[in-house]
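Report on one structure; see the data block that follows.
Since every read-out is calculated from the coordinates, none of them should be taken as a lab result. Bear in mind that the values here come from a model prediction, so they are computed numbers and not experimental data.
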Amino acid sequence: MEGDILWEDAMEYALDCPWKAGRHLGEKMKHHEIKGWERVFVAYEEGYLYGFLYFAKKDCLPSLKYSPYVRYLFIDERKRGNRYGKRLIDSAEKYAADLGFERIYLTSDHVGLYEKYGFHPIDSFRAPWDPSTIETVYERNLL
């Protein structure tokens, strides 16, 4: 959240991210577009940022009726396989439960990745930015 000691570092990390979506998160942070209970969670260890996750009200497609969303999950390639992604998802899950949410959602074209974190597919659609890509909406029950 803005004013947090790591906000500027997280914003710069996202803006410099090799993943286009990560840079989009950095722009959202820079332009103060993260509001209310939305949060950016970071993987931070030994003074270094290794990844982030954006916990948001909506996905990038406003027509999707699901909320809240886990978005922009990114882990630095050098740190993948060390469960940083799981820890970020777990942090977002706890935060969502503390806010009273019973479910969280995410959208991805990755198959077999998020199921291991307790998500299951509930919807799918052709990506408007690439009609050859099928995006799947995943849900995780918090109860």
### Task
Work out how much length S132 to N82 would gain on full extension: take 0.36 nm times their residue separation and subtract the Cα-Cα distance, in nm to one decimal.
14.8 nm
## Note on the structure
Going through K58/K116; K58/K79; K35/K79 one by one, the pairs whose alpha carbons sit over 26 Å apart turn out to be K58/K79; K35/K79
### Query
Across the range 124-131, in residue order, what do the Karplus-derived ³J(HN,Hα) couplings come to in whole Hz, using 6.51 cos²θ - 1.76 cosθ + 1.60 with θ = phi - 60° and x for Gly and Pro?
8, 7, 6, 5, x, 7, 7, x
### 3J(HN,Hα) from dihedral phi, the range 116-122, Karplus parametrisation 6.51/-1.76/1.60, rounded to Hz, x for glycine, proline
5, 9, x, 8, 9, x, 10
### Task
Determine ³J(HN,Hα), in whole Hz, for all residues of the range 76-82 in sequence, where each value follows from phi through the Karplus function 6.51 cos²θ - 1.76 cosθ + 1.60 and θ = phi - 60°; x replaces Gly and Pro.
3, 3, 5, 10, 5, x, 10
